[in-house]
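Student: Got a structure for you, written out below as structure tokens; questions coming shortly.
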Amino acid sequence: MPLGKADGWSFSIFQSKSRMSTGTSNKFPTFLVLGAQKAGTTWLHRVLSQHPDVFMPVEKELHFFSHRSKVDSDVTRSHYVAKFQNAKPNQLIGEATPGYFWSTDQSCEYCRPYSDHNPEIAKSVLSLLGGELKFLVTLRDPVERAVSAYFHHVRMGRVAPDQTIFDKDLYFTGILDIGFYYRHMGYWHEQFSRGRFMVFTLEGNIKRAPAELARNVFGFLNQNVDFVPEGLGEQEFQGLARTESASGERVVETEGGVYRVSQEDIERLREVYLSDVEQLRDVLQVDIRHWPNFSS
């Protein structure tokens, strides 16, 4: 079976040398799905879970590295490792927690994470799992991702009807700050070489060419690229039904009230993210042609 090649791509085979010490097992993740949130990680988790040579915990979003209290606890470390004990000896092990992508930068006015947020996620990953991991990163037009995240938190009951997407009391959720992809990638690149990351987009890859993307993901992970998962064209939608007016305003109606993201909010989001998106495109060569707010 062909391993490690996909559509002209080739990747070096690696073996993980974990530095996590729990005394219970030698089964640890050898790759992580970092995020971003609301950018197709559920689709990616489902596709990876179907591959016979890949083990993914049934539970998505373990959040182990996201919290300082979990990383610092021997008990939660053991619980984390236990999630991978059903992996077969020859299976590649991964997990998908999109919150891992969120780095912190106190100089950014939108970066005010919750109190237990781990500000050094990449360093914790390097320290506990070693430097030979690979990473899958799916991105989405940051304006659309922020809007989706806002309505997600509405659904979770964290937003009052009078709170706009720019409300400072919502900064702890990362609704806005997670969209600075170039900054977050730069933080991860400080700990791991760029060659260990495969970056793609919801709009350009997952939606437009899911079969090709799955093949390339398997190749990046040095697995059988001929395996075809079921439901490649199916994308999950767990959010609230929303409407979009002719002016571009996004509206969700719930029993608790009506929530809006105005056209002025959309334009402000575009201005907020523009510089970061340009660096993502020009420096990291991320294809943003299919991002509706930045394609022109």
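The values are calculated or read from the model by the stated rules, or taken from the named source; none is laboratory data. The shown structure was predicted, so the numbers you read here are calculated from the model rather than taken from an experiment. Heads up, the Cβs are rebuilt from the backbone with ideal geometry, glycines too, and the neighbour counts pull from every protein chain shown.
Student: So GLY195 fits all but one of (1) touching a Pro at 6+ places or on another chain (Cβ under 9 Å); (2) at pLDDT 95 or above; (3) small (Gly, Ala, Ser); what number is the exception?
Tutor: So GLY195 meets the others, but not (1).
Student: Something else about it: Output yes when any residue across the stretch 210-223 is surrounded by fewer than 17 Cβ atoms within 10 Å (Cβ to Cβ) and either in contact with a Gly (Cβ under 8 Å, 6 or more places away or on another chain) or more than 29 Å from VAL272 (Cα to Cα) (or both), and no when none is.
Tutor: Looking through the stretch 210-223, at least one residue is surrounded by fewer than 17 Cβ atoms within 10 Å (Cβ to Cβ) and either in contact with a Gly (Cβ under 8 Å, 6 or more places away or on another chain) or more than 29 Å from VAL272 (Cα to Cα) (or both).
Student: Being farther than 25 Å from ASN118 by Cβ, of a type in the set (A, V, I, L, M, F, W, C) and modelled with pLDDT of 95 or more is true for just one of LEU232, LEU221, LEU240, LEU176. Which residue is that?
Tutor: LEU221
Student: If I filter the stretch 154-177 for residues that are under 30 Å from VAL47 (Cα atoms), touching a residue at least 40 places away in the same chain (Cβ under 8 Å), touching a Gly at 6+ places or on another chain (Cβ under 7 Å) and surrounded by fewer than 20 Cβ atoms within 10 Å (Cβ to Cβ), do I get at least one hit?
Tutor: yes
Student: When you go through (1) of a type in the set (A, V, I, L, M, F, W, C); (2) in contact (Cβ under 8 Å) with a residue 24 or more places away in the chain; (3) under 14 Å from LEU48 (Cα atoms); (4) in contact with a Lys or Arg (Cβ under 9 Å, 6 or more places away or on another chain) one by one for ILE288, which number turns out not to apply?
Tutor: Every listed condition holds for ILE288 apart from (3).
Student: For the stretch 44-58, does any single residue satisfy the condition of being buried (at least 18 other Cβ atoms within 10 Å of the Cβ), of a type in the set (Val, Ile, Thr) and at pLDDT 90 or above?
Tutor: Scanning the stretch 44-58, I find at least one residue that is buried (at least 18 other Cβ atoms within 10 Å of the Cβ), of a type in the set (Val, Ile, Thr) and at pLDDT 90 or above, so the answer is yes.
Student: Exactly one condition in (1) over 19 Å from GLU95 (Cα atoms); (2) in contact with a helix residue (DSSP H, G or I) (Cβ under 8 Å, 6 or more places away or on another chain) is false for GLY204; which is it?
Tutor: (2)
Per-residue answers, yes or no, for (1) modelled with pLDDT under 95; (2) over 19 Å from the mean Cα position of the chain (by Cα):
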| site | (1), (2) |
| --- | --- |
| ASP74 | yes, yes |
| GLY94 | no, no |
| TYR100 | no, no |
| GLN106 | yes, yes |
| PRO113 | yes, no |
| LEU133 | no, no |
| ASP141 | no, no |
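Student: Out of the stretch 279-296, which residues are more than 20 Å from the chain's Cα centre (by Cα) and part of a helix (DSSP H, G or I)?
Tutor: ASP282
Student: In the stretch 241-275, how many are touching a helix residue (DSSP H, G or I) at 6+ places or on another chain (Cβ under 7 Å), closer than 29 Å to ARG183 by Cβ and not β-branched (Val, Ile, Thr)?
Tutor: Going through the stretch 241-275 one residue at a time, the tally reaches 8.
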